[in-house]
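Below is one structure, written out as structure tokens, with a few remarks after it.
The values are calculated or read from the model by the stated rules, or taken from the named source; none is laboratory data. What you see is a predicted model; the values in this text were computed from it and never measured. In this analysis, Cβ positions are derived from the backbone assuming ideal geometry, glycine residues included, and neighbour counts consider all displayed protein chains. Only protein heavy atoms, including side chains, enter the accessible area calculation; ligands, DNA and RNA are left aside. Shrake-Rupley method; radii C 1.70, N 1.55, O 1.52, S 1.80 Å.
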Amino acid sequence: MTNRRQPPRWWAELLLLGLVYATYSGGRLLARGDVGMAVDHGLAILRMEELLALDLERPLNRLFTGQAVLGIPADFVYASLHYLVTPAVLVWLYRRRPQQYRFARTWLMISTLLGLVGFALVPTCPPRLLDASYGFTDTMARYSSYGWWGGEASAPRGLGSFTNQFAAMPSLHVGWALWCGVMLWCCARRPLVRALGAAYPVVTTVVVMGTANHYFLDAVAGAAVMGAGYLAARALPARIAGYTGLTAPTGSPHTTRTAGFLRKSTIVSGGWETSAGELLPVQRSAAADPAAAPRTDDGSGGMAGDAGRPGPAGRAAGESRESPEDAAATAR
């Protein structure tokens, strides 16, 4: 028997995640907002960043625009990893970390719905859609010939009308990347995977600003939404959220090492111990094995644990005694 908790049924999880994502996508379209209001929100964020000296988007955008070797890969990262890495981490958690999966899924869903509320309340024009006088270049449009996207966000060409161009605050690109990074850092065992998990949200933050798709404060808001979603998921009853901690289970070798389709233990002995020298070992626990019992001196030159079984001292004594036939032969 293992200590791995069985995850929920895969088809039920697929339906639930599909429903949440459909709600998210539909809500984005419905929460498009007024263009003038979205531009005003975008300019207000930009002025606040300039006041706080946090307007990191401009130098990054100039760098990505001037260096195609940076801008083109950044566009591919923005247009694809958001939709590939997050589902991959979910599937990995479902298959390999079922004890952490339910809480991770609940956390992600709550945070996504909170982000949808932000899109509805604060429609925001991204930097790339501001007037050119503000100094931003849409790298997705500039390098559109290298990918499948057009000049309207990261949607494939001709599908830009099905996206919400003003869903910039908060940045769920950054929020989902942060979720992936936390889950990989806490639940993965390999140092390389954990390092990639830590780097992923940082790279995503640089990419969304360098491509002029988000402001720095959008990224901060995305991280804040994930934090609020985490606290909300923790506040739910354990039977709903399934919170058991985010670290990977360790356990003993007898229960964590599994192999094969049926996940049977790879420990051949199955936790039983045998004594050396037995032709046909008899299964018995370590507590029942006399060899495992502590020995004490019985005062006769042997050990109390040797009673009923010839140990080294007993064999030495037995070898020193002569049979009557040997004694007679010696006398002759």
### Matching residues in segment 198-216 - criterion: being assigned to a helix (DSSP H, G or I) and of a type in the set (Ser, Thr, Tyr)
200, 204, 205
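When the residues of segment 94-109 are filtered to those that are of a type in the set (Lys, Arg) and more than 25 Å from residue 228 (Cβ to Cβ), which remaining residue is least open to solvent (accessible area, probe 1.4 Å)? Walk me through it before giving the result.
Narrowing segment 94-109 to residues of a type in the set (Lys, Arg): 95-97, 102, 105.
Still in the list and also more than 25 Å from residue 228 (Cβ to Cβ): 95-96.
Numbers: 95: 147, 96: 118 Å².
Of everything passing the filter in segment 94-109, 96 is least open to solvent (accessible area, probe 1.4 Å).
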### Residue ID - surrounded by the most Cβ atoms within 10 Å (Cβ to Cβ), chosen from residues in segment 1-60 that are modelled with pLDDT of 65 or more and touching a Gly at 6+ places or on another chain (Cβ under 6 Å)
60
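Taking the condition assigned to a helix (DSSP H, G or I), open to solvent by 10 Å² or more (accessible area, probe 1.4 Å), of a type in the set (A, V, I, L, M, F, W, C) and modelled with pLDDT of 95 or more, does residue 219 pass?
No.
So, residue 42, is that one touching a residue at least 60 places away in the same chain (Cβ under 8 Å) and more than 30 Å from residue 14 (Cα to Cα) or not? Quick ask: steps written out before the conclusion?
Details: touching a residue at least 60 places away in the same chain (Cβ under 8 Å): yes; more than 30 Å from residue 14 (Cα to Cα): yes.
In short, yes.
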### Task
Report, by residue number, each residue of segment 116-140 that is farther than 14 Å from residue 215 by Cβ, buried (at least 17 other Cβ atoms within 10 Å of the Cβ) and not aromatic (Phe, Trp, Tyr).
116, 137, 138, 139, 140
#### Entry: Filter result (open to solvent by 40 Å² or more (accessible area, probe 1.4 Å), farther than 20 Å from residue 175 by Cα and either of a type outside the set (D, E, K, R) or touching a Phe, Trp or Tyr at 6+ places or on another chain (Cβ under 6 Å) (or both)) within segment 61-93
63, 66, 67, 68, 69, 70, 73
